[in-house]
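Please treat every number below as a calculation from the coordinates, not as lab data. None of the values given here were measured: they were computed from a predicted structure. Methodologically, a virtual Cβ is constructed for each residue, glycine included, from the backbone with ideal geometry; neighbour enumeration extends over all protein chains shown.
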Amino acid sequence: MKSERHRKILEIINKNDIETQEELAAALIDAGFNVTQATVSRDIKMLNLTKMVVNGHKKYVVFKNDNNNMNDKYIRVLRDGFSDMDMAQNILVIKTVPGMAMAVCAALDAIDYQEIVGTIAGDDTIMCAVRSVEDTKKLMEKLKNILN
């Protein structure tokens with residue numbers, strides 16, 4: 001039943017501009033599925049759906065986590081929180097505005113740079129363990145391109 005419901009959700013969001021969980025639940029009920037808002041919320045998480053602005057309207061879409069289809073919200077978090085960066089061999093240290101390190105770190109993790117092995121965030125500092133010194137330089141260049 002769940003896989004059928006998930007297929008129907010994907011069909012619904014591809015054919016319609018669904019902005020809220022309530023709209024999605026109503027569409028599922030109209031399609032013959034007995035769902036609650038809690039069920040829809042879990043399904044949204046399981047299907048990796050996110051809201052994006054498409055043609056001036058917010059709607060649910062399937063979030064694809066690849067470098068060609070970066071979600072604007074992660075780039076915005078990077079830009080809003082970023083302050084400075086420096087490297088120490090294969091460690092990239094990123095400074096953020098106070099209180100933003102965790103959000104910027106989560107955005108880096110979501111973008112899923114292949115150069116990054118792992119990240120740790122404090123209040124205003126992130127330490128990224130990077131595969132090599134060369135990869136650290138590449139990563140810094142990628143981040144500079146996003147930030148400018």
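Which ordering of PHE33, PHE82 is given by a fewest-first count of other beta-carbon atoms within 10 Å?
Going from sparsest to densest Cβ surroundings: PHE33, PHE82.
In straight Cα distance, which aspartates and glutamates are under 15 Å from LYS51, not counting same-chain residues fewer than 8 positions off?
Candidates past the 8-residue exclusion: ASP17, GLU19, GLU22, GLU23, ASP43, ASP72.
If you rank HIS6, HIS57 by fewest surrounding Cβ atoms within 10 Å, what's the result?
Going from sparsest to densest Cβ surroundings: HIS57, HIS6.
For GLN89 and ALA110, FRET efficiency with R0 = 30 Å and r from the beta-carbon atoms, rounded to 0.05?
0.75
Using the Karplus curve 6.51 cos²θ - 1.76 cosθ + 1.60 with θ = phi - 60°, what ³J(HN,Hα) values do you get for each residue of segment 98-114, in whole Hz, with x for Gly and Pro?
Per-residue couplings from phi come out as x, x, 9, 4, 5, 5, 5, 4, 4, 5, 4, 4, 5, 5, 6, 5, 5 Hz.
Mind ordering 141-147, 96-102 by average Cβ neighbours within 10 Å, highest first?
Ranking the peptides 141-147, 96-102 by packing returns 96-102, 141-147.
With 10 Å bins from zero, work out the P(r) of the chain over every alpha carbon pair and list the percent per bin.
11, 34, 24, 20, 11, 1
Using modelled amide H (1.01 Å from N, peptide plane; none on Pro or chain starts), what sits under 5 Å from the amide H of ARG131, excluding residues fewer than 5 places away?
VAL117
Along the charge dipole of segment 69-147, Cβ charges K/R +1 and D/E -1, which of ASN145, THR125, VAL104 sits furthest on the positive end?
Checked the options; the winner is ASN145.
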